[in-house]
Amino acid sequence: MCGQHFAKMKYAGDFWENSGKRLDKRELRQYIQGAANIGYQMITTMKDIAERAGVSRTTVSFVLNDRCHRDQRVSESVQKKVLAAAKELGYMRNDLVLSLVKGRSRCIGIVSAFKDFMFPIIRGYAQEAQDRGYSIRLFHVDKSLEDALTKAMQSRVDAVICLGVARAEAEKIPDHFFDKGIPIIGLNRPDQPRRALFDQKGSAAAMTEYLVGCGYRKILCYAGNYSQMPQRLAGYREVMEKHHLVPVSFNYGEVAPDDLIDEKPDAVFCGDDYLACRLLQAACKRRIFVPDAFGVAGFGNTVAGQFSSPALTTVDECHFELGLITMKRLVSRLEGAPFGEEAPLAGKVIIRDSTKQV
């Protein structure tokens, strides 16, 4: 590594080392001047824009930081002139410097082992964060959750969202992580109760109602081993009992898909799409054709279910919308803004080829 590049990296490191506190103008000027002395040059400055537009640098700052109506009245014609000059000169705001001045990175850390079905949730996080002037940064849980959280804290994120973390892992996190002044959500710890954003029970009930409406009567539930399953089972049982049908459930860890087929069901409501796909594979190997022999429904609306054969009837779990809402609530919390309590989202039944009217 050449000396000049190493020096630039050193200054970048110094920036972040001091980002935990608000720098005064003298300190900030020293850092920027030091970077300039080793060859760092800003492509376009507010001073350049002010000279091109024929206005003061203060006016440029108000326009580019969306403060012209809050702190100073700037006419619409002047705003257009400033924005046109900025675009012409190729100006790009330096969020690193802004974070130093304000003592905030405007970055949200996402900590997870990152499974494929999580992509729509992360897309929701990213969309809402970007719309609110934030960015996201991903931290992969490789060796341990604690290591990933440590890396997130060291990166000076403003908050952390933990996604898909088991309660057993969450309970191992030392208490000192919660004393840093950085909000950590999604850990599903007993001492951190959270409000449900998605109606698991109601969504499972909606799918069971659909299956009953198709004419199926012997509807089995194939359950997985995860925290949402009890609520989904409750929705299934409620609808079955309402229609005077007998609810029967089996756990995937105890009953294999072949054994479930031998129960000769009219239909099987699986706790997630992956269980449903395993059941479809088992039926295919035995040359049992779905939905002619029996119907199969899943939960989650994952890619696996969309491209299974036959395509899987399922419940859309609104992952993208859940990501939007989670990020909206978190940013509102960071900025001290009120947010209304919204009713949990209800899943939509997606009808495909694995079920039919009988």
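The values are calculated or read from the model by the stated rules, or taken from the named source; none is laboratory data. Predicted model only: the values in this text are computed from it and were never measured. With ideal geometry, Cβ positions are generated from the backbone for all residues, glycine too; neighbour counts draw on all protein chains shown.
Before we move on, is LEU275 at pLDDT 95 or above and in contact with a Leu (Cβ under 8 Å, 6 or more places away or on another chain)?
Against the criterion (at pLDDT 95 or above and in contact with a Leu (Cβ under 8 Å, 6 or more places away or on another chain)), LEU275 does not qualify.
Please identify the pairs in which a residue from region 252-270 that is assigned to a helix (DSSP H, G or I) has its Cβ atom under 7 Å from the Cβ atom of a residue that is of a type in the set (Asp, Glu), counting only partners at least 6 apart or on another chain.
Every condition considered, no pair remains.
Just checking, which of ALA223, ALA256 is more than 30 Å from ALA343 (Cβ to Cβ) and either aliphatic (A, V, I, L, M) or touching a strand residue (DSSP E or B) at 6+ places or on another chain (Cβ under 9 Å) (or both)? It would help to see each step written out before you state the result.
Values: ALA223 fails: more than 30 Å from ALA343 (Cβ to Cβ).
None of the others qualify; the one that does is ALA256.
Being more than 28 Å from PHE198 (Cα to Cα), among the small types (Gly, Ala, Ser) and assigned by TED's automatic domain parsing to the domain that holds ALA204 narrows it down to one of ALA256, ALA267, ALA276, so name that one.
The unique qualifying residue is ALA256.
Against the condition at pLDDT 95 or above, under 22 Å from the mean Cα position of the chain (by Cα) and more than 17 Å from GLU128 (Cα to Cα), how does ASP316 come out, does it pass? Quick ask: steps written out before the conclusion?
Details: at pLDDT 95 or above: yes; under 22 Å from the mean Cα position of the chain (by Cα): yes; more than 17 Å from GLU128 (Cα to Cα): yes.
Yes: the conditions hold for ASP316.
Any residue at all in region 205-228 that is among the β-branched types (Val, Ile, Thr), assigned to a strand (DSSP E or B) and at pLDDT 95 or above?
The answer is yes, given that some residue of region 205-228 is among the β-branched types (Val, Ile, Thr), assigned to a strand (DSSP E or B) and at pLDDT 95 or above.
Is at least one residue of region 314-329 within 23 Å of ILE161 (Cβ to Cβ) and basic (Lys, Arg)?
Yes; the residues of region 314-329 include at least one that is within 23 Å of ILE161 (Cβ to Cβ) and basic (Lys, Arg).
Within region 166-197, can you find the residues that are touching a helix residue (DSSP H, G or I) at 6+ places or on another chain (Cβ under 6 Å) and crowded, with 19+ Cβ neighbours inside 10 Å?
Hit for region 166-197 is LEU187, nothing else.
Do we find a residue being within 30 Å of the chain's Cα centre (by Cα) and modelled with pLDDT of 95 or more anywhere in region 335-342?
No; the residues of region 335-342 include none that is within 30 Å of the chain's Cα centre (by Cα) and modelled with pLDDT of 95 or more.
Being buried (at least 18 other Cβ atoms within 10 Å of the Cβ) and under 13 Å from GLY54 (Cβ atoms) is the filter here, so list the residues in region 79-89 that pass it.
Correct list: LYS81, VAL82, ALA85.
Can you spot a residue in region 126-138 that is of a type in the set (Val, Ile, Thr), in contact with a Leu (Cβ under 9 Å, 6 or more places away or on another chain) and touching a residue at least 24 places away in the same chain (Cβ under 8 Å)?
No, there is no match, as no residue in region 126-138 is of a type in the set (Val, Ile, Thr), in contact with a Leu (Cβ under 9 Å, 6 or more places away or on another chain) and touching a residue at least 24 places away in the same chain (Cβ under 8 Å).
Which ones in region 307-335 are of a type in the set (Gly, Ala, Ser) and either part of a loop (DSSP other than H, G, I, E, B) or without any contact (Cβ under 8 Å) to a residue 40 or more places away in the chain (or both)?
SER308, SER309, ALA311, SER332
Do you know which residues across region 107-131 are out of contact with any strand residue (DSSP E or B) (no Cβ under 8 Å at 6 or more places or on another chain) and buried (at least 17 other Cβ atoms within 10 Å of the Cβ)?
The answer is PRO120, GLY124, GLU128.
Hey, among the residues in region 318-355 that are under 20 Å from ILE110 (Cα atoms) and of a type in the set (D, E, K, R), which one's surrounded by the fewest Cβ atoms within 10 Å (Cβ to Cβ)?
Ranking the candidates gives GLU335 first.
Within region 135-165, track down each residue that is surrounded by fewer than 22 Cβ atoms within 10 Å (Cβ to Cβ) and within 19 Å of ARG333 (Cα to Cα).
SER135, ILE136, ARG137, MET153, ARG156, ASP158, ALA159, LEU163
Restricting the search to region 275-306, which residues are under 26 Å from GLN228 (Cα atoms) and either in a loop (DSSP other than H, G, I, E, B) or touching a Gly at 6+ places or on another chain (Cβ under 8 Å) (or both)?
LEU275, ALA276, CYS277, PHE294, GLY298, PHE299, ASN301, THR302, GLY305
Would you be able to tell me the number of residues in region 343-358 that are within 16 Å of PHE320 (Cα to Cα) and assigned to a loop (DSSP other than H, G, I, E, B)?
Number satisfying all stated conditions: 3.
Select from region 48-69 the residues that are under 32 Å from the mean Cα position of the chain (by Cα) and surrounded by fewer than 18 Cβ atoms within 10 Å (Cβ to Cβ) and write down the one among them that is modelled with the highest pLDDT.
LEU64
Could you look through region 212-227, keep only residues that are surrounded by 14 or more Cβ atoms within 10 Å (Cβ to Cβ) and among the aromatic types (Phe, Trp, Tyr), and pick out the one that is farthest from ASP292 (Cα to Cα)? I'd like the intermediate steps shown before the answer.
Taking region 212-227 as the starting set, the residues that turn out to be surrounded by 14 or more Cβ atoms within 10 Å (Cβ to Cβ) are 212, 214, 216-224.
Keeping just the survivors that are among the aromatic types (Phe, Trp, Tyr) gives 216, 222.
Values: TYR216: 12, TYR222: 19 Å.
Only one residue tops the list, namely TYR222.
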